[in-house]
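Below is one structure; the comments refer to it alone.
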Amino acid sequence: MQLHRCLAYIDLNMVRAGVVDDPEKWKESGFSEIQKPPKRYAIIDLQNLIELSGFADVRDYQTAHRQWVEQGLENGLLMRDDRWTESIAVGSLAFIDQVKNELGFKADHRDVIEYDGSCVLREAAEGYACKFAVENEALKSQNTFFWNEIVDEATI
């Protein structure tokens with residue numbers, strides 16, 4: 001299910017950034033909130049998420065969620081995936097068509113692309129390339145600096 005893959009991808013953001021080596025160590029993450037739900041001030045509607053994911057029990061969902069993240073650590077979700085970072089929507093073709101229909105005219109000129117077993121809805125890159133190419137250059141992976149490397153160099 002795309003929702004599970006998306007959650008695991010997001011849960012690994014701080015690992016991908018080099019801030020922590022395990023998402024459990026980032027206390028402000030969705031991973032921590034799902035695994036140890038707060039008694040008050042929850043951000044995630046865990047009950048709704050569990051139902052959307054097809055689970056009946058919180059513990060079963062938490063176990064499955066932990067397994068998805070562990071599989072992501074093992075299977076390369078530590079690399080940036082533009083399917084999640086540069087798309088308007090990700091999922092089955094039926095889901096993408098539904099999103100496009102709900103967006104109405106706002107979805108005009110947006111491409112539906114089949115991508116590694118799923119579909120994505122995204123804007124054509126060419127439409128913004130001439131105007132934003134310089135600003136977006138800083139977002140490329142070769143321009144990534146890990147915070148702990150910057151701190152280490154600053155203290156030398």
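Here are a few things to note about the model shown:
- Put a plus charge on the Cβ of each Lys and Arg, a minus charge on the Cβ of each Asp and Glu, and nothing anywhere else: the dipole of the stretch 74-119 about its Cα centre is then about 160 debye.
- Cβ-Cβ FRET estimate between ALA17 and ASP97, R0 fixed at 35 Å, reported to 0.05: 0.55
- Accessible area in square angstrom per residue, the stretch 1-75, 1.4 angstrom probe: 63
- Taking θ as phi - 60° and the Karplus parameters 6.51, -1.76 and 1.60, the scalar couplings of the stretch 22-29 work out to 8, x, 5, 7, 9, 5, 8, 8 Hz in sequence order, x denoting glycine and proline.
The values are calculated or read from the model by the stated rules, or taken from the named source; none is laboratory data. Predicted model only: the values in this text are computed from it and were never measured. As a convention, Cβ positions derive from the backbone with ideal geometry for all residues, glycine included, and neighbour counts pool all protein chains shown. Note: accessible area is taken over every heavy atom of the protein model, side chains too, but ligands, DNA and RNA are not part of it. Shrake-Rupley method; radii C 1.70, N 1.55, O 1.52, S 1.80 Å.
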